[in-house]
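Enquirer: First, the structure itself, so that you have it in front of you.
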Amino acid sequence: MIKKSGTSKDAADKLVRGIKRKTRKHYSAEEKIRIVLAGLRGEESISALCRREGIAESLYYSWSKEFLEAGKARLSGDTARQATAPEVKELRSESATLKEVVAELTLENRLLKKSMIGDGGDDE
């Protein structure tokens, strides 16, 4: 009978964990930003802010880290932004055209050099 009570307690614990998991509050991006900015303002301690909002301090610090990293990535992205697909296609096409021009000029240059060397040898 001890096993049955232990089993029912395990089942009850699983049920409670499942309910907590399903009823957990999901914060929108705007709510996360509001909370992180309130912490960055420093008007109240982080622990007081977390108590008021009903979140763990570790959750606040992870949101804060993500927030600051996203800002850093966005600011550095202004100088070295990602190219779009049409831009990449255009740049590849331009690169291929330029390679063809370089190949033609190199061929002409070699032909001119050979003709100059050949002309010099016939006159003597």
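Enquirer: Would you list, by chain and number, the lysines whose Cα falls below 19 Å from the Cα of K65, excluding same-chain residues fewer than 8 positions away?
Expert: Here the lysines satisfying the reach criterion relative to K65 are K32.
Enquirer: Using per-residue counts of other Cβ atoms within 10 Å, averaged over each peptide, order 90-100, 26-36 from highest down.
Expert: Descending mean neighbour count gives 26-36, 90-100.
Enquirer: Right, here's the next one. Could you tell me which residue out of L40, A103, A56 lies farthest along the dipole of the chain toward its positive end? Charges go on the beta carbon: Lys and Arg +1, Asp and Glu -1, centred on the Cα centre.
Expert: Among L40, A103, A56, the one farthest towards the positive end of the dipole of the chain is A56.
Enquirer: Follow-up. In degrees, nearest 10, range 0 to 90: what is the angle between the Cα axis of helix 85-123 and the longest Cα principal axis of the chain?
Expert: Helix 85-123 sits roughly 20 degrees off the main axis of the chain.
Enquirer: The chain: percent of C-alpha pairs farther apart than 19 Å?
Expert: Details: 5720 of 7626 pairs.
The calculated P(r) of the chain puts 75 percent of pairs beyond 19 Å.
Enquirer: Could you grab the Rg to Rh ratio for the stretch 84-124? Cα atoms only, Kirkwood for Rh. Present the calculation step by step, with values, prior to reporting the outcome.
Expert: Details: Rg = 18.0 Å, Rh = 12.5 Å.
A ratio of 1.43.
Enquirer: Moving to a separate point now. To the nearest 0.05, what FRET efficiency results for S62 and K22 with a Förster distance of 30 Å applied to their C-beta separation? Intermediate values should be presented prior to the final figure.
Expert: On the way: r = 22 Å, r/R0 = 0.73.
The computed FRET efficiency comes out at 0.85.
Enquirer: On to the next question. Please give, to one decimal in nm, the separation of the simple spin-label points placed at R51 and A73, each 7 Å out from Cα toward the Cβ.
Expert: 3.5 nm
We did not get these values from a lab; they are worked out from the coordinates using the rules stated. The model shown is predicted, which means the values in this text are computed figures rather than measured ones. We place every Cβ from the backbone using ideal geometry, glycine too, and count neighbours over all the protein chains shown.
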